[in-house]
Amino acid sequence: MMSKPIPQVKSQPPKKTRSQEILSTVPFQNGFHFYTALGKYIGITANSLSEFAEKLQTIPVESIVFHFQRDDYQKWIQKVLGDEELANRLDQLKQWPAYSSDENLRKELVKTVQKRIRELKPTP
């Protein structure tokens, strides 16, 4: 009686957790490209949520306001990174009373994104 060959099972890389997916780096074409107006790319792109938080601190404030008014941040975070929670939190910033300055808007955006990154990072 002949024995059947044992099927070879290819090992799969470990599946990424939802948090790892949100925090991962995306290809350049899927990154967040900062503009100050339609057609005015400022040459800065964020390819991950942590890069996004970093760039928000230094890009021209005109770019912050331009994208915030168009909901561009929420769309990218939801559609590309898949973080519905953070997109909703940024959306709620629109409910906030009028900002005393565009720099305050920058600070709130950075604070909100950095808080979410801390929540998603695995604790050792």
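Return the residues of the range 14-59 that are closer than 29 Å to residue 123 by Cβ and of a type in the set (S, T, N, Q); say none if nothing qualifies. Across the range 14-59, the qualifying residues are 17, 19, 20, 24, 25, 30, 47, 48, 50, 57, 58. Only one entry of 47, 104 meets the criterion of being in contact with a Gly (Cβ under 7 Å, 6 or more places away or on another chain) and not aromatic (Phe, Trp, Tyr), and that entry is 47.
Which residues, counting only those in the range 27-60, are exposed (fewer than 14 other Cβ atoms within 10 Å of the Cβ) and within 19 Å of residue 82 (Cβ to Cβ)? Listed by number, the residues that qualify are 27, 28, 29.
When 103, 54 are screened for being in a helix (DSSP H, G or I), closer than 18 Å to residue 115 by Cβ and not hydroxyl-bearing (Ser, Thr, Tyr), only 54 passes.
Out of curiosity, is residue 40 more than 19 Å from residue 104 (Cβ to Cβ), modelled with pLDDT of 95 or more and among the basic types (Lys, Arg)?
yes
Checked against the criterion of being farther than 19 Å from residue 20 by Cα, small (Gly, Ala, Ser) and surrounded by 19 or more Cβ atoms within 10 Å (Cβ to Cβ), the candidates 63, 101 yield just one match: 63. Only residues that are buried (at least 19 other Cβ atoms within 10 Å of the Cβ) and either polar (S, T, N, Q) or more than 20 Å from residue 22 (Cβ to Cβ) (or both) were counted across the range 67-92, and they come to 2.
Just one of the listed residues (111, 94, 115) is farther than 12 Å from residue 49 by Cα, of a type in the set (D, E, K, R) and at pLDDT 95 or above, and it is 111.
Might you check whether a residue that is among the hydroxyl-bearing types (Ser, Thr, Tyr), out of contact with any helix residue (DSSP H, G or I) (no Cβ under 9 Å at 6 or more places or on another chain) and at pLDDT 95 or above occurs anywhere in the range 8-15? Looking for residues that are among the hydroxyl-bearing types (Ser, Thr, Tyr), out of contact with any helix residue (DSSP H, G or I) (no Cβ under 9 Å at 6 or more places or on another chain) and at pLDDT 95 or above, one finds none in the range 8-15, hence no. Kindly check whether there is at least one residue in the range 32-48 that is within 20 Å of residue 119 (Cα to Cα), part of a loop (DSSP other than H, G, I, E, B), under 14 Å from the mean Cα position of the chain (by Cα) and in contact (Cβ under 8 Å) with a residue 12 or more places away in the chain. Yes - at least one qualifying residue is present in the range 32-48. Contact annotation: residue pairs with Cβ atoms under 8 Å, 6 or more positions apart or on different chains, pairing a residue in the range 104-124 that is touching a residue at least 24 places away in the same chain (Cβ under 8 Å) with a partner that is of a type in the set (Phe, Trp, Tyr) and surrounded by 18 or more Cβ atoms within 10 Å (Cβ to Cβ), are 105/68; 109/68; 109/73; 113/52.
The values are calculated or read from the model by the stated rules, or taken from the named source; none is laboratory data. For clarity, every value in this text was computed on a predicted model and none was experimentally measured. Cβ: placed from backbone, ideal geometry, glycine included. Neighbour counts: every protein chain shown.
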